[in-house]
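Take a look at the structure below.
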Amino acid sequence: MDELGFDFTKAVAWFPHNQEHPYVLVRISEQNVAELTAEMGVPMRRCYITDVELEQAVVEHGVTRDVVVRSVLPDAGAVMSGDFGEVLTYFYQAARELPASAIGPKKWRLKQDRTKPAPKSDVIHFVMPNRPHASAADVVLCSEVKAKATAGGSKPIADAIVDCKKDRTSRLSSTLVWLRERAMITDLGDVDIPLLNRFIDAVDNPPATKRFRAVAVICNAFLDDELVAAPADPDPEFTLVVIGVPDLRTTYTAVYAAAIASVA
């Protein structure tokens, strides 16, 4: 459980690996979609605004909680679809690392514009078993995420693979520095400056492992057609993860509706 107040052991069953090679294929079942829709409302809201910030806004501005929540959530459409894919990947990464604790910044709180995607690398987690002490067992996880909920020309698998390379070459490093700058003026919750320094100032600490993923979150209606673009051989530099979701558009719409309803 992290600052979202969610027990990630509940999410393990949501992400069964139907295959591991040459890429990971996850097919979320109808039953698990119903469960995650019911469970993700409050955590989804907290991905965008903390409970403390929510209550402060209500008191300071004399507005209702749902008005505040709506002011930080994306509108229905491509950005909401993309954000949901990222949050789902956050849950996937955290669940896969259990029983270790994966600590991740909720980058969706750092948006300058709710109608646009969050900047920098999509989903980051830090695994630091001996925190605050650095060790060779420390790991940083970084995922590039693409989502496809409706018909169209987007190529989520190919695009995730291409943009994952940006994380490996420079974007992850710049993201960590950006997060440290934001942490100086913004509460990043579980992620603080000493934690970020451990992974930024590599020469002062034991080497940490970096693990990269290219993640495609795809509506099951398009999954088989999109899998044709999946590479036949694994790449040693990253892991491709394809997550199939039943009726993805309906699913993410229901989760965001649940986030708003959670403050009713």
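The numbers here are math on the coordinates, done by the rules we state, and not lab data. Everything quoted here is computed from the prediction, not taken from an experiment. Quick reminder, even Gly has a Cβ in these numbers, built from the backbone with ideal geometry, and neighbours come from all protein chains shown.
Taking the Cα centre of segment 8-261 as origin, work out the dipole magnitude from +1 charges on Lys and Arg Cβ and -1 charges on Asp and Glu Cβ, in debye rounded to 20.
On the way: 29 positive and 33 negative charges, 66 e Å.
The calculation lands at about 320 debye.
Can you pull the one-decimal nm distance between simple spin-label points at Lys10 and Asp235, each 7 Å off the Cα toward Cβ?
Each label point is offset 7 Å from its Cα along the Cβ direction, giving 3.5 nm.
For an R0 of 51 angstrom, estimate the FRET efficiency from the Cβ-Cβ distance between Asn205 and His61 and round to the nearest 0.05. If you can, show how the numbers build up before the last one.
On the way: r = 43 Å, r/R0 = 0.84.
Working from the Cβ atoms, E equals 0.75.
Cα-Cα over 20 Å: which of Lys116/Lys146; Lys146/Lys166; Lys120/Lys166; Lys10/Lys165; Lys10/Lys107; Lys155/Lys210? All intermediate terms of the calculation are to be shown ahead of the outcome.
Working: Lys116/Lys146 14 Å; Lys146/Lys166 14 Å; Lys120/Lys166 10 Å; Lys10/Lys165 31 Å; Lys10/Lys107 22 Å; Lys155/Lys210 26 Å.
Where the Cα-Cα span goes over 20 Å, the pairs concerned are Lys10/Lys165; Lys10/Lys107; Lys155/Lys210.
Go ahead and set up a Gaussian network model of the chain, Cα springs under 10 Å, then flag whichever of Val63, Val177, Val72 fluctuates most.
Val63
Compute the Cα gyration tensor for segment 168-262, then decide on rounded, prolate or oblate, letting a ≥ b ≥ c be the square roots of its eigenvalues: rounded whenever a/c is under 1.5, prolate when a/b is larger than b/c in the other cases, and oblate in all that remain.
On the way: a/c = 3.71, a/b = 1.37, b/c = 2.71.
Because a/c hits 1.5 or more and a/b fails to exceed b/c, segment 168-262 counts as oblate.
Taking the highest mean first, how do the peptides 251-260, 233-242 order by number of other beta carbon atoms within 10 angstrom per residue? Don't skip to the answer; put the middle values down first.
Numbers: 251-260: 20.6, 233-242: 16.1.
Ranked from most to least packed, the peptides come out as 251-260, 233-242.
Quick one: if you stick a label point 7 Å off each Cα along the C-beta vector at Thr150 and Leu98, how many nm between them?
So the two model labels end up 3.5 nm from each other.
Would you compute, from DSSP H runs of 4+ residues alone, the mean residue ellipticity of the chain at 222 nm, taking -39500 (n - 2.57) per run and dividing by the full residue count, rounded to the nearest 500?
Numbers: 10 runs with 110 residues, N = 264.
The helix-only estimate for the chain comes to -12500 deg cm²/dmol at 222 nm.
Rounded, prolate or oblate: which one fits segment 1-156, using the alpha carbon gyration tensor with axes a ≥ b ≥ c (rounded when a/c is under 1.5, else prolate when a/b beats b/c, else oblate)?
Working: a/c = 1.66, a/b = 1.21, b/c = 1.37.
Because a/c hits 1.5 or more and a/b fails to exceed b/c, segment 1-156 counts as oblate.
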